[in-house]
Amino acid sequence: MEELLKPYQRSLYRVPMSYPAVYCVSATVGEGTITNLSALGCTVETDEPLPRDHSLALRLLLPDQPLSLPIEAGQVRWVQGVRAGIEFIQVERVANLRLHGFVWDQMVERIQRIQQQRSGTIP
């Protein structure tokens, strides 16, 4: 019996953003830009395409604290040119709490901006 392929589907809403990141994959260190983020993954743009299905370590440079947010292990799930979807596989507990809090705060701010735009209080 032929196995049915399910289309790629995100389990959580991702917050659009533009923050720098540093990654390490296959002993190569590079820089990129996080273009959206959820508590379970992100999209990153890099100078060179990342290898699909490879593991990597990632450090997000977010504005909430001066220290980077370490993602101990991530998996490259899809690649489109220099854009790649990363699933977070292993995140230390304190970093995970910080990540969830940051994403939550960004989602609340985005919802508030949308509501203000709809109500006409922001031009």
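Just so you know, all these numbers are worked out from the coordinates, no wet-lab data involved. Just so it is clear, the structure is predicted and the values come from calculations on it, not from any experiment. Cβ sites come from the backbone with ideal geometry, for glycine too, and all protein chains shown count toward neighbours.
Annotations for the structure displayed:
- Residues considered: S119, S68. Of these, the only one that is of a type outside the set (F, W, Y), more than 14 Å from R14 (Cα to Cα) and exposed (fewer than 14 other Cβ atoms within 10 Å of the Cβ) is S119.
- Scanning the range 16-43 for residues that are out of contact with any His (no Cβ under 7 Å at 6 or more places or on another chain), assigned to a strand (DSSP E or B), among the hydrophobic types (A, V, I, L, M, F, W, C) and over 20 Å from D105 (Cα atoms) gives V22, C24, V29.
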